[in-house]
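No lab work stands behind these numbers, since they all come straight from the coordinates. The structure displayed is predicted, hence computed values, not measured ones. Note that we place each Cβ from the backbone using ideal geometry, even for glycine, and neighbour counts take in every protein chain shown.
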Amino acid sequence: MKTLHVTIPEREYDIHIEKGILDRGGEFIKTVFQGEKIAVVTDSNVGPLYMNRLRESLTVAGFQVCEIVIPAGESSKCKEQLFRLYEEMLSFGITRGDLVVALGGGVVGDLTGYAAATLFRGIPYVQIPTTLLAQVDSSVGGKVAINLPKGKNLVGAFYQPKMVLIDTDCLITLSERVLADGMAEVIKYGAIFRKDLLDTLTQITEKKELFAKIEEIVYTCCDCKRQVVERDELDNGERMLLNFGHTFGHAIEKQYHYETYTHGEGVAAGMVIAAEHGERQGITQKGTASRLEELLKQYGLPTRIPMTKEAMEDAIQVDKKGQGNILHLVLLEELGKARLVKTQRSNLWI
């Protein structure tokens, strides 16, 4: 088992990474929660695969368990599902002294985390991410949110979990597309922090090679995020670097109503747009965009998605990394090194 300790004053927690750890979920949760009731939120795809195993583990550990299943998909990250979680948790009799568990991908983690952050002004929660994207990114760092019609993650909070349990065996059941979705975030970490990770990914030619190294890959990404979150929990500076490709990626997702392209696919194309923009501005080393595009294609990710300039500009107007007319755009200097560049929204060349 690999363990990382996130050191944020008064909000410290561990990230445990191990194949098969789901079956020991109750044992681990017992170390951070001594109450009785646990509400587990999952979705219609993950529930049938893993809920029985987690429920058995929690029951053996002596917990009362309530299962709440939301429809799978980005459209569930909305106020309607949020209020449904409130109602079902309250019907279960949950209090501030109980626990909420998110069992699923990024949608489940974000929605559940925000429900936990806001019901009774805060209930402790645990993340058990089951997708690669959630394991390497969204489950760590305490960003929780729901979407609005005007944009993604516009209503949210910083609310750290009590623990993150990562079972890399859960990745075996992912479809090729969902696995690739997570690889976009893995490649992002390499692009902004770890060129050696990109070198490793470039050398992998088969899925079995990827899974042979997946625990180390997940650990590396989580460790990168851990370090950044410890230095900038509230996303006022360095943590913004983790949004490389996301400004354009979120705009792509929005134009296609969060249905046609996944988050990772939007981010993949967004990273190429950002790299090309950086090259035009003389900030990014020439050839970086093409090398990044080649690696993204190697993992089955789209790099060119039709996007109108008007739709991009509209989405950028509500980008969370902005202050007034200034947008903090994440650009690469070279692969493995990124920085924030202040750009006027009105002058951003797409």
For this session: State the Cα centre-to-centre distance between region 15-88 and region 236-306 in whole Å.
Result: 32 Å
Exercise. Using r as the Cβ-Cβ distance of Lys208 and His16, and R0 as 22 Å, what FRET efficiency do you calculate, to the nearest 0.05?
Worked result: 0.35
For this session: Using just the helices of the chain, give the 222 nm mean residue ellipticity in deg cm²/dmol: DSSP H runs with n ≥ 4 each add -39,500 (n - 2.57), and the total is spread over all residues, rounded to 500.
Result: -12000 deg cm²/dmol
For this session: For each of His277, His16, His250, count neighbouring Cβ atoms within 10 Å of the residue's Cβ, then give the residues from fewest to most.
Result: His16, His277, His250
Exercise. Of Glu18, Glu293, Glu310, which has the largest mean-square fluctuation in a 10 Å C-alpha GNM of the chain?
Worked result: Glu310
Exercise. Cα-based count: Lys pairs in region 176-347 below 17 Å, eight or more positions apart or different chains?
Worked result: 15
Exercise. Which value, in debye to the nearest 20, describes the size of the charge dipole of region 2-173 about its Cα centre when Lys and Arg Cβ atoms bear +1, Asp and Glu Cβ atoms bear -1, and nothing else is charged?
Worked result: 380 debye
Problem set entry | Virtual paramagnetic centre 7 Å along Cα→Cβ of Met1, amide N under 19 Å, in region 111-140 | 125-130, 135-136, 140
Seminar exercise, completed: One finds, for Thr31 and Thr308 with R0 = 45 angstrom and r their Cβ-Cβ distance, a FRET efficiency to the nearest 0.05 of 0.30
Exercise. Which peptide among 97-104, 21-28, 193-200, 263-270 comes first, and what is the full order, when sorted by highest mean count of other Cβ atoms within 10 Å?
Worked result: 263-270, 97-104, 21-28, 193-200
Exercise. Under unit Cβ charges (Lys, Arg +1; Asp, Glu -1), what dipole magnitude, rounded to 20 debye, does the chain have relative to its Cα centre?
Worked result: 620 debye
Exercise. Going by a ≥ b ≥ c, the root eigenvalues of the Cα gyration tensor, does region 1-114 fall in the rounded group (a/c under 1.5), the prolate group (a/b larger than b/c) or the oblate group?
Worked result: rounded
For this session: Would you order Lys30, Lys143, Lys286 from fewest to most other beta-carbon atoms within 10 Å of each residue's own beta-carbon?
Result: Lys286, Lys30, Lys143
